[in-house]
Amino acid sequence: MPILKVRDGININYVVGGDPNARNKVLFVMGLNASHRQWDFQFEYFSSLPDYQVLVFDNRGAGFSDVPEPPYTMTQMVNDVIDLANELHWEKFHLIGCSMGGMIVQHVALEHPERILSLTLICTRVEGGFFKSLPTFEGTIKFLRIAKATDPEVLLRTGAELQFPLEYLSQKNPEGITYSVVTFYYWRKEMLLSLCDRLYFNYVIFLYLSLYSFNSSFSQ
């Protein structure tokens with residue numbers, strides 16, 4: 001996998017797929033502590049389309065990118081995205097962000113509007129600050145269960161319940177398999193293919209509570 005040394009010397013792991021000469025450039029930014037593998041389905045789909053090129057990457061502190069000492073600032077995260085786009089000579093591109101990635105891409109769009117063709121925000125927020133960034137009581141309990149989990153099944157099940165409604169997990173896909181089974185199968189694969197994620201999982205609570213250090217107002 002390619003590695004880019006960004007402007008402050010940190011190595012960022014990234015993957016590119018699709019047609020290098022495509023007109024449609026799509027850059028995906030994942031959320032807290034998640035690797036680029038969380039975009040596997042989207043990466044595979046868009047890379048297979050004609051006239052599309054796709055970029056996914058591991059944020060600093062996650063996956064196979066470097067893990068510098070925290071705190072990490074919003075400016076650093078925005079610069080990482082822009083440095084990756086510049087590395088591929090993408091002048092303009094579609095930008096998609098999930099969770100914390102959604103916060104990052106909002107700032108990319110605010111600071112570099114001339115380069116953004118479209119902006120897609122997934123399960124994210126537009127306000128910052130320490131207290132507003134805290135999870136709900138139920139979410140906090142699940143975060144703690146995940147951080148302390150030693151059984152992979154507990155880790156996977158709690159993670160799924162944290163991110164998906166139980167009504168969704170109980171539904172069946174066209175093949176007649178419940179989405180809970182599909183989700184667990186995919187995440188087992190994810191754990192095997194991205195071992196670094198599990199090594200950093202106990203880091204989640206600290207990083208989550210460090211969001212306020214981004215020194216930025218998401219409502220700008």
- In the stretch 133-155, what residues are farther than 21 Å from Gly102 by Cβ and open to solvent by 40 Å² or more (accessible area, probe 1.4 Å)? Phe137, Glu138, Ile141, Leu144, Arg145, Lys148, Thr150, Asp151, Pro152, Glu153, Val154
- Where residues in the stretch 6-50 are at pLDDT below 95 and at positive phi, which of them is farthest from the chain's Cα centre (by Cα)? Gly9
- Item | Close pairs from the stretch 106-132: first surrounded by 13 or more Cβ atoms within 10 Å (Cβ to Cβ), partner at pLDDT below 95 and in a strand (DSSP E or B), Cβ under 6 Å, at least 6 apart | Ile122/Cys98
- Note on the structure: The correct count of residues that are in a loop (DSSP other than H, G, I, E, B), under 21 Å from Gln42 (Cβ atoms) and among the small types (Gly, Ala, Ser) in the stretch 3-20 is 0
- Message: I need every pair where a residue in the stretch 1-17 that is under 17 Å from His36 (Cα atoms) has its Cβ under 8 Å from the Cβ of a residue that is of a type in the set (Phe, Trp, Tyr) and in a strand (DSSP E or B), sequence separation at least 6 or different chains.
- Response: Met1/Tyr14; Pro2/Tyr14; Ile3/Tyr14; Leu4/Tyr14; Ile12/Phe57; Asn13/Phe57; Tyr14/Phe57; Val15/Phe57
- Query: Of the numbered conditions (1) in contact with a His (Cβ under 9 Å, 6 or more places away or on another chain); (2) surrounded by fewer than 17 Cβ atoms within 10 Å (Cβ to Cβ), Phe64 satisfies every one except a single condition; which is it?
  - Reply: (2)
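The values are calculated or read from the model by the stated rules, or taken from the named source; none is laboratory data. This structure is a prediction, so every number in the text was calculated from the model and none was measured. We place every Cβ from the backbone using ideal geometry, glycine too, and count neighbours over all the protein chains shown. The area values use the complete protein model at the heavy-atom level, side chains included, leaving out ligands, DNA and RNA. Shrake-Rupley method; radii C 1.70, N 1.55, O 1.52, S 1.80 Å.
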